[in-house]
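Asker: One structure coming up, written as structure tokens, with questions to follow.
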Amino acid sequence: MLGGGITGFVMRLVASQAEAQGRALDAMLRKQEAVDASAEAAANRGGVWVRRLIAICILFAVIVAPFITALINVPLALERESGGGILSLILGSQNGYINVEGFVLLPEVRQGMLALLSFYFGSSMVKR
């Protein structure tokens, strides 16, 4: 009788653990369905045009803008800074503006161009 009680307890424990695992699996499946629905809604939101506009602006800044500034020959004003540090703060800095001819290509624009190239050409290397 004692063996039957222990066996019944063990079987009930195993059944309750299997039921808990089944509920956890159902919850994970519902969560994954919600994530998939959210990703689908985000993909349909129209972010393609924003990415295309950013790509066009970067390409304009790297390829077209230097030629335009070379043709119109307008000087560009840049801020000149003396070396940093505590001495320049105490003695007063000699900041001012200098005129340069040409086009300043910022590091951010170069990094954007590299990211753009790696995204478009890197994704074309992946076979679907």
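Asker: Applying the selection to the range 81-128, what residues are within 35 Å of the chain's Cα centre (by Cα), at pLDDT below 75 and exposed (fewer than 11 other Cβ atoms within 10 Å of the Cβ)?
Answerer: Selection gives 83, 84, 85, 121, 122, 123, 124, 125, 126, 127, 128.
Asker: When you scan the range 15-27, do you find a residue that is within 28 Å of the chain's Cα centre (by Cα), over 29 Å from residue 110 (Cβ atoms) and either of a type in the set (Gly, Ala, Ser) or modelled with pLDDT of 85 or more (or both), even just one? Step through it out loud before you land on a result.
Answerer: First pass over the range 15-27, keeping only residues within 28 Å of the chain's Cα centre (by Cα): none.
So far as the range 15-27 goes, no, none of its residues is within 28 Å of the chain's Cα centre (by Cα), over 29 Å from residue 110 (Cβ atoms) and either of a type in the set (Gly, Ala, Ser) or modelled with pLDDT of 85 or more (or both).
Asker: Also, quick follow-up: Please enumerate the residues belonging to the range 39-80 that are outside any strand (DSSP E or B) and of a type in the set (Asp, Glu). Break it down stepwise before answering.
Answerer: Restricting attention to the range 39-80, the residues satisfying the condition of being outside any strand (DSSP E or B) are 39-74.
Hit for the range 39-80 is 40, nothing else.
Asker: Which residues, counting only those in the range 1-57, are among the β-branched types (Val, Ile, Thr) and more than 30 Å from residue 116 (Cα to Cα)? If you could, list the steps in order and put the result at the bottom.
Answerer: Taking the range 1-57 first, the residues among the β-branched types (Val, Ile, Thr) are 6-7, 10, 14, 35, 48, 50, 54, 56.
Matches in the range 1-57: 6, 7, 10, 14.
The values are calculated or read from the model by the stated rules, or taken from the named source; none is laboratory data. From a predicted model like this one, the values you see are computed outputs, not experimental measurements. Backbone-built Cβ (ideal geometry, glycine too); neighbour counts: all protein chains shown.
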